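Before any comments, here is the structure.
The values are calculated or read from the model by the stated rules, or taken from the named source; none is laboratory data. Remember, predicted model here, so these are calculated numbers, not experimental data. Ideal geometry is used to build each Cβ from the backbone, glycine not excepted, and the neighbour counts take in all protein chains shown.
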Amino acid sequence: QIAAIEAYVADVWLPGVLAWIAPATLALIVLLTPRARDALARVEQMISMSGIEMSPRAARAQIASAINVVVQIGRLSDGRRRLLSLSEITGMEGEVVTMQDIFIFRMSGRDADNRVIGHFEATGIRPKFLDTLQSHGIELSPDLFRPDRPVN
């Protein structure tokens with residue numbers, strides 16, 4: 001099913017969305033990649049395969065302006081899927097799309113049933129998109145971004 005979704009996204013939906021997306025538009029793209037950064041490379045590859053004439057730098061610029069957040073979900077060594085990181089796309093530096101982790105999963109061990117245990121924690125970086133959330137009436141406590149305490 002995921003392969004079919006990716007094929008649909010790559011062939012039909014993604015090129016138009018990334019090429020002409022408005023900053024206020026919300027879009028969800030599902031990609032299977034081992035790391036959050038790899039998802040950006042996959043989107044760039046999909047754009048290049050779409051037939052739209054666009055330089056790699058222009059494609060990266062579109063990605064950097066169209067995507068705000070990358071949510072990485074991965075399979076743990078015990079077989080369960082878990083949210084592993086939430087990263088913000090911050091723009092571009094030269095030819096590179098820049099991103100920063102806001103929250104990450106920290107494994108702390110295993111329980112008696114050999115299941116991975118751990119917690120989600122802030123990296124200490126306050127995301128740039130907080131102002132956008134606040135303008136939509138979503139208030140987040142500054143304590144949420146403190147790296148010295150686990151996030152529930």
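Within the range 116-146, the set of residues being in a loop (DSSP other than H, G, I, E, B) and among the hydrophobic types (A, V, I, L, M, F, W, C) comprises ILE125, PHE129, ILE138, LEU140. Going through (1) in a helix (DSSP H, G or I); (2) under 30 Å from ASP148 (Cα atoms); (3) out of contact with any helix residue (DSSP H, G or I) (no Cβ under 8 Å at 6 or more places or on another chain) one by one, ASP78 falls short only on (1).
Listed here are the residues, each with its yes/no results for (1) farther than 25 Å from LYS128 by Cβ; (2) in a loop (DSSP other than H, G, I, E, B); (3) modelled with pLDDT of 85 or more; (4) not polar (S, T, N, Q).
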{"site": "THR33", "(1), (2), (3), (4)": "no, yes, no, no"}
{"site": "SER85", "(1), (2), (3), (4)": "no, no, yes, no"}
{"site": "MET99", "(1), (2), (3), (4)": "no, no, yes, yes"}
{"site": "ASN114", "(1), (2), (3), (4)": "yes, yes, yes, no"}
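Out of the range 55-75, which residues are over 19 Å from PRO34 (Cβ atoms) and either among the basic types (Lys, Arg) or not in a loop (DSSP other than H, G, I, E, B) (or both)?
So in the range 55-75, the residues over 19 Å from PRO34 (Cβ atoms) come out as 55-62, 64-66, 68.
If the condition is that a residue be over 19 Å from PRO34 (Cβ atoms) and either among the basic types (Lys, Arg) or not in a loop (DSSP other than H, G, I, E, B) (or both), then PRO56, ARG57, ALA58, ALA59, ARG60, ALA61, GLN62, ALA64, SER65, ALA66 are the ones that fit.
Cβ contacts < 7 Å: first residue closer than 14 Å to GLU93 by Cα and without any contact (Cβ under 8 Å) to a residue 12 or more places away in the chain, restricted to the range 48-67; second residue in a loop (DSSP other than H, G, I, E, B) and of a type in the set (Lys, Arg), any location; separation 6+ or different chain. Result? Listed pairs, sorted by first residue: none to list. Going through (1) at negative phi; (2) under 18 Å from the mean Cα position of the chain (by Cα) one by one, ILE117 falls short only on (2).
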